[in-house]
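> Have a look at this one.
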Number of protein chains: 2
Amino acid sequence: MKRLEIDLNYDFSNPKLLDTALSHRSVGMNNNERSEFLGDSILGFVIADQLFHKFPQADEGQLSRLRASLVKKETLADIGRQLSIGSYLKLGAGELRSGGHARDSILADAVEAVIAAIYLDSDYQRARQFILELYDSRLQQLTMTKGQKDPKTRLQEWLQSQKMELPVYEVIKSSGPQHKQQFVVSCSIKSMKVSTTGEGESKRKAEQDAAENMLEQYEQT
Amino acid sequence: MKRLEIDLNYDFSNPKLLDTALSHRSVGMNNNERSEFLGDSILGFVIADQLFHKFPQADEGQLSRLRASLVKKETLADIGRQLSIGSYLKLGAGELRSGGHARDSILADAVEAVIAAIYLDSDYQRARQFILELYDSRLQQLTMTKGQKDPKTRLQEWLQSQKMELPVYEVIKSSGPQHKQQFVVSCSIKSMKVSTTGEGESKRKAEQDAAENMLEQYEQT
């Protein structure tokens with residue numbers, strides 16, 4: 001654990017907080033699910049704040065997409081691997097057998113829980129500093145390219161690069177009065193037999209949401 | 001504007017920030033969409049932090065549901081009405097004609113943008129204080145009741161109270177390898193001809209998500 005604290009560049013006053021942050025729900029009551037909820041929200045704010053200042057020209061949709069790429073499970077799991085967090089995780093017997101300490105979702109949750117643990121052990125400013133250290137190179141490398149292109153364009157380009165046919169969008173449902181209609185749209189790639197759905201207050205927004213959901217499943221970042 | 005600053009209990013060093021926060025996208029370039037993105041994330045964190053400490057026994061799902069009820073559009077719009085924010089909004093001609101200053105989504109966005117404006121004008125601590133003042137009575141009145149019951153139970157109870165038939169849940173899609181399967185489930189109320197979808201890593205979670213989405217459309221809080 002001391003080794004991990006060195007890697008985290010943080011020395012816990014209350015090491016029990018770190019212990020809980022590394023405990024998967026499969027070990028029982030005292031697990032990291034609550035702190036993951038808290039850590040996720042701190043992370044969301046700190047990253048939103050950074051992006052807001054770094055990209056003064058970006059609109060809300062671009063900022064949202066940039067943030068989503070930074071806080072998604074796969075990115076957090078990569079950060080967890082860089083910190084070798086997997087070797088400190090406490091897992092139940094079933095998860096241990098099935099290789100839980102290498103699983104993206106478990107690593108990502110632990111990283112968020114560690115963020116919360118540092119926040120609870122110190123304060124907002126210190127947690128913010130920790131997050132900025134974690135994300136230093138990713139934030140520096142970040143360009144608008146990823147945020148600039150909307151999900152439908154990115155999905156189309158990705159499918160073309162894989163020599164696959166284009167997705168089909170269909171309105172499944174529209175509801176609500178005219179000034180606040182809500183659309184549900186499906187995005188299907190027939191040859192892969194997959195489809196996702198998206199929601200939005202316009203057909204276009206629902207399509208973008210469905211495309212984004214498709215990308216989340218198949219795109220590696 | 002000075003009147004509003006009194007109601008907000010906040011005196012802006014840079015009043016342009018407040019001006020932008022009150023400008024709907026229908027007025028043009030200098031609008032509140034970016035600051036709404038930032039304000040939403042500050043709000044999410046401050047509320048998560050409060051709930052985390054107020055309900056030490058609540059699990060992650062309960063905390064998420066409690067937060068969702070506090071930061072949803074309808075709640076934010078109510079707060080906006082209490083602050084009479086509608087009368088300070090800057091709207092384009094079309095939105096003015098169609099009563100935009102009374103619309104939930106526009107009021108909610110403005111409240112989030114005002115939170116960001118105070119953050120940008122001062123710092124995190126001051127924005128946090130502002131949010132806690134806004135939510136003071138709501139946080140005090142909050143009990144676990146709402147968070148304790150899961151969405152499927154709440155939907156069922158609500159439909160029974162309306163003497164309507166129970167919803168039907170159907171798996172639309174499951175995808176991904178076994179240890180990280182993803183389910184899409186629909187929730188339909190036949191007599192109302194409405195359905196929603198939900199996603200999750202288990203059938204149960206996807207059903208809860210679909211029920212939650214149904215409640216969001218029909219339940220008043």
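Where a number appears in this text, it was derived from the coordinates with a stated rule and is not lab data. None of these values were measured; they are calculated from a predicted model. So basically every Cβ, Gly included, is an ideal-geometry build from the backbone, and we count neighbours across all protein chains shown.
> So what is log10(I(q)/I(0)) for the protein assembly as shown at q = 0.09, 0.12 1/Å, when the Debye sum runs over its Cα atoms only?
With one equal scatterer per Cα and no solvent, log10 I(q)/I(0) is -0.62, -1.18.
> Among all the lysines, which ones have a C-alpha under 29 Å from A:LYS54's C-alpha, if same-chain residues fewer than 8 places away are not counted?
A:LYS72, A:LYS73, A:LYS146, A:LYS149, A:LYS152, A:LYS205, B:LYS16, B:LYS72, B:LYS73, B:LYS90
> How high is the relative contact order of chain A, in percent, counting Cα pairs under 8 Å that sit 6 or more residues apart?
19
> Here is a follow-up. Considering chain A as a Gaussian network with a 10 Å cut-off on Cα pairs, which listed residue, A:GLU36, A:GLU74, A:GLU133, attains the greatest mean-square fluctuation?
Largest GNM mean-square fluctuation: A:GLU133.
> Same structure again: Count neighbours as other Cβ atoms within 10 Å of each site's Cβ, and list the trypsin sites (Lys or Arg not before Pro) in segment B:85-162 that are DSSP loop with at most 15 such neighbours. Mind showing how you got there, number by number?
Working: sites: B:LYS90, B:ARG97, B:ARG103, B:ARG126, B:ARG128, B:ARG138, B:LYS146, B:LYS149, B:LYS152, B:ARG154; in loops: B:ARG103, B:LYS149.
Passing both the DSSP loop test and the Cβ count: B:LYS149.
> Another question, if that's okay. Compute the whole-percent fraction of alpha carbon pairs in chain B spaced more than 33 Å apart.
28
> If you put a point 7 Å past Cα along the Cβ direction, how far is that point for A:GLY92 from the same point in each other copy, in nm, smallest first?
Shortest to longest, the spacings are 5.3 nm.
> Can you give me the distance in nm between label points at B:GLN129 and B:THR143, each placed 7 Å from the Cα along the Cα-to-Cβ direction?
Distance between the two pseudo-spin positions: 3.3 nm.
> Also, I was wondering about something else. Hey, which residue of B has the C-beta nearest the axis mapping B onto A, and what's the distance in Å?
B:PHE45, 2
> Under DSSP H, which helices of chain B have Cα atoms covering 24 Å or more of the helix axis and a Kyte-Doolittle average no less than 1.0? Don't jump to the answer; show the numbers that get you there.
Details: long enough: B:33-54 (31 Å, 0.15); B:104-121 (25 Å, 1.24).
Length and hydropathy pass: B:104-121.
> Using a 10 Å cut-off around each Cβ of peptide B:38-51, what is the average number of partner chain Cβ atoms that fall inside?
Average per residue, whole number: 5.
> Still on this structure: With the crude spin-label approximation of a point 7 Å out along Cα→Cβ, what separation in nm comes out for B:LYS203 versus A:SER87?
According to this spin-label approximation, the distance is 4.1 nm.
> Amide H to amide H, which residues 5 or more places from B:VAL194 or on other chains are under 5 Å from it, using H placed in the peptide plane?
B:ILE189
> A further question follows. Using only the C-alpha atoms of segment B:151-218, find the volume of their convex hull and express it per residue in Å³.
It comes to 65 Å³ per residue, whole-number rounded.
> 7 Å along Cα→Cβ for the label point: how many nanometres lie between B:LEU166 and each equivalent label in the other copies, listed shortest first?
Nearest first, the other copies' label points are 4.5 nm away.
> Report, in whole Å, the centroid distance computed from the Cα atoms of segment B:147-192 and segment B:76-107.
With segment B:147-192 and segment B:76-107 each reduced to a Cα centre, they are spaced 33 Å.
> Can you list, shortest first and in nm, the gaps between the label point of A:LYS149 and those of its counterparts in the other copies, using a point 7 Å from Cα in the C-beta direction?
4.7
> Determine the shielding of peptide A:109-121 by partner chains: average, over its residues, the number of Cβ atoms on other chains within 10 angstrom of each Cβ. Kindly include the intermediate steps, with their values, before the conclusion.
Numbers: counts 1, 0, 0, 0, 0, 0, 0, 3, 0, 0, 3, 3, 0.
Going residue by residue through A:109-121 and averaging, the value is 1.
> Then there is this: What ³J(HN,Hα) values, in whole Hz, does the Karplus curve 6.51 cos²θ - 1.76 cosθ + 1.60 give for segment A:186-191 when θ = phi - 60°, with x put for Gly and Pro?
Values, residue by residue: 9, 10, 10, 10, 4, 5 Hz.
> Okay, helix-only estimate at 222 nm for chain B: each DSSP H run of n ≥ 4 adds -39500 (n - 2.57), divide by all residues, round to 500 deg cm²/dmol; what do you get?
-17500 deg cm²/dmol
> Moving on. Give the residue from B:PRO15, A:ILE79, A:ASN9 lying farthest towards the positive end of the charge dipole for the protein assembly as shown; charges sit on Cβ (+1 for Lys and Arg, -1 for Asp and Glu) and the dipole is referred to the Cα centre.
Sorting the options by dipole projection puts first A:ILE79.
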